[in-house]
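Comments concern the structure below.
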Protein chains: 2
Amino acid sequence: MGYFAVNSIYRMSVSPSLNPHVSVDCVIFGFSKETLRLLLIKRTVPNAVTELDDSYYALPGDLVSDNENLDEAAARVLKELTGLSGIFLQQFQAFGDPLRITKAKDRAWLKGVRQDPDARVITVAYMALIDSNKVQIQPGSFSKEAVWLPIAEIPELAFDHNDISEGALMALREKVQIQPIAFELLPEKFTMSDLQTLYETILERDLDKRNFRRKMLNSGVITALPEKQHGVSNKPARYYVFNRNLVENGHLGFVNLKMEGSFTLFS
Amino acid sequence: MGYFAVNSIYRMSVSPSLNPHVSVDCVIFGFSKETLRLLLIKRTVPNAVTELDDSYYALPGDLVSDNENLDEAAARVLKELTGLSGIFLQQFQAFGDPLRITKAKDRAWLKGVRQDPDARVITVAYMALIDSNKVQIQPGSFSKEAVWLPIAEIPELAFDHNDISEGALMALREKVQIQPIAFELLPEKFTMSDLQTLYETILERDLDKRNFRRKMLNSGVITALPEKQHGVSNKPARYYVFNRNLVENGHLGFVNLKMEGSFTLFS
DNA sequence: ACACTTAGTGTCAATTGAACACTTCAAAAC
DNA sequence: GTTTTGAAGTGTTCAATTGACACTAAGTGT
């Protein structure tokens, strides 16, 4: 019976709704100026120990509430930061190393912000793909500053967030080769060059223009609009849209990019 | 300051080493008699409420200790049950629905076995691929019976373990088409037919014998042995081995099976 | 010796992949 | 208003891979 008493004390005094042992973190990808970027936040320390907080970025994340599932928690974090919902958001890995919280800076921050700063926290990492033009950073409680940083220029992050970001990038590279999800990073209307540049950026290799166009069009995942660019100082490019409905209803082949050294098996 | 006191009471009385909020579950695949199977356990209820326990299977799993990471916890569960280590074991998804623990049977079991039976538990699910001949079920504390059940005959399981199993199966089908991991389900030496039957079972479709052999051999992932079958009442088949070293060192192309309706992009 | 069963083998047509260069269109520069 | 500039857009050819397809080989059992 003892554990019931302990349990109720625990629930009452630590927090009525936050589970102190599980968090979600969102690796939010955007694409602008021909660069793949992550949306990172500068941590807000309530009882400001300013020198520690100095230029210390982190992935947006939060503890999971007792009444929400993991997907909901991730969607909440995303919405609180960007104001957006209905975004591509996919769990990709849980991280639970007991040592992920041992950096001095992290411990200082946790002491200011968590009721149980020594607790082991495992985190479930999500990746989000966003058209970064749509993002309006919300004046939120949990970040005083948010920035889009090119993935090549990510500094040292809080906790194990560098590991998580790298994991997300690897997951993105793989997924993009199997499913047509890259479109989530572009605006509604985009040119074929936009799309190709995006793929080249993610995959870090050059693609043949003519082959790319042919395959993309044959795949049926995009539709040409009558509309073209205006006011560009060269031949205006046609706009395309992603056939989200077709793809989501499974009426369409995958966009399946070959991986380095791979080959296809079987009849 | 209050939370420190609570924290220490909590840690002392609930459990010194178990984190009550995160568990791991292992979906253990095996392949025998031309069937894909899962290794499931019958739950052991300490203060036996026998009628509730009746033929109620579950995935092997356990709470995660404070001093181990998630992979280690999963490996521990696997070893405690099968006696094996160094097995293919891969995290594939975290499950954290608040309602995953609401079945009456589950709650009864938790009350008998957990110090904090009402706690929200999220679980990190792993899939393991095993040569089922190697498994010697350990007379373990946490299961009084373990069985290999064909995936087509999985009954209702504890918690959300049916969801987890289905997720594992889907993950296996996808992974097997990208990486040469199916071999983990076979003995060291196997025939080409063994391998083909395995792929056909996992993918649930027939494959052309001649094309299969050609692709497998060209891929370089297997090597023919001089040895052949003995004592079979038909033409004896040649044995092959999986080139684990080559594959793990990345010196080899993937085994990449085409998916339904897919097509490959790019030069 | 014959029946039975599974192993093992090759070719051809169709598809897909990869490499490759010139013309078109608009604005800007002159 | 002619020319320059820069990105868009377009087909073909050859090589490699895929997929379909049917018979012979090598053992055991009768």
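Here, each number is a calculation from the coordinates, and none is a lab measurement. Worth saying up front: this structure is predicted, and the values here are computed from it rather than measured. Quick reminder, even Gly has a Cβ in these numbers, built from the backbone with ideal geometry, and neighbours come from all protein chains shown.
In peptide A:210-219, what is the residue-averaged number of other protein chain Cβ atoms found within 10 Å of each Cβ?
On the way: counts 1, 3, 3, 0, 1, 5, 2, 0, 2, 3.
Across the residues of A:210-219, the mean count of other-chain Cβ atoms within 10 Å is 2.
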When each copy gets a label point 7 Å from Cα toward the beta-carbon at B:Glu174, what are the spacings between them in nm, shortest first?
-> 0.9
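Using only alpha carbon pairs under 8 Å that are at least six residues apart, calculate the relative contact order of the range B:115-227 and give it in whole percent. Show your work: numbers first, answer last.
On the way: 35 pairs, mean separation 30.7, N = 113.
For the range B:115-227, the relative contact order is 27 percent.
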Can you give the percent of C-alpha pairs in the range A:144-234 whose distance is more than 16 Å?
-> 65 percent
Debye equation applied to the C-alpha atoms of the range B:138-194, log10 I(q)/I(0) at 0.13, 0.31 Å⁻¹ | -0.53, -1.19
Copies compared at B:Arg205 - label distances in nm, ascending, label defined 7 Å from Cα in the Cβ direction = 2.5
Give the Cα extents of the range A:87-128 along the principal axes, in whole Å, largest first.
-> 33, 20, 16
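Show me the three semi-axes of the equivalent ellipsoid for the range A:81-239, from the C-alpha gyration tensor (sqrt of 5 times each eigenvalue), largest first, rounded to whole Å. Let's see the in-between values first.
On the way: eigenvalues 285, 66, 38 Å².
Sorted largest first and rounded, they come to 38, 18, 14 Å.
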Which lysines have a Cα less than 25 Å from the Cα of B:Lys209, not counting those fewer than 8 places away in the same chain?
-> A:Lys258, B:Lys33, B:Lys175, B:Lys189, B:Lys228, B:Lys235, B:Lys258
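Once Rh is set to the Kirkwood radius over Cα pairs, what Stokes-Einstein translational diffusion coefficient, in µm²/s, holds for the range B:107-163 at a temperature of 10 °C and a viscosity of 1.306 mPa s?
Working: Rh = 14.4 Å.
Using the Kirkwood radius from Cα pairs, D works out to 110 µm²/s.
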Got the B:Gln90 label distances to the other copies yet, label 7 Å along Cα→Cβ, in nm, shortest first?
-> 1.5
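Can you give me the Rg/Rh ratio for the range B:180-221, using Cα atoms for both radii and the Kirkwood formula for Rh? Spell out each step's value before the answer.
Working: Rg = 9.8 Å, Rh = 10.6 Å.
In the range B:180-221, Rg relative to Rh is 0.92.
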Which of the lysines could be linked to A:Lys111 by a straight reach, that is with a Cα gap under 29 Å, when you skip same-chain ones fewer than 8 residues away?
-> A:Lys42, A:Lys79, A:Lys103, A:Lys144
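From Cα pairs below 8 angstrom and at least 6 apart in sequence, can you work out the relative contact order of the range B:53-163, rounded to a whole percent? Let's see the in-between values first.
Values: 106 pairs, mean separation 42.9, N = 111.
Averaging sequence separation for qualifying contacts and normalising by length gives 39 percent for the range B:53-163.
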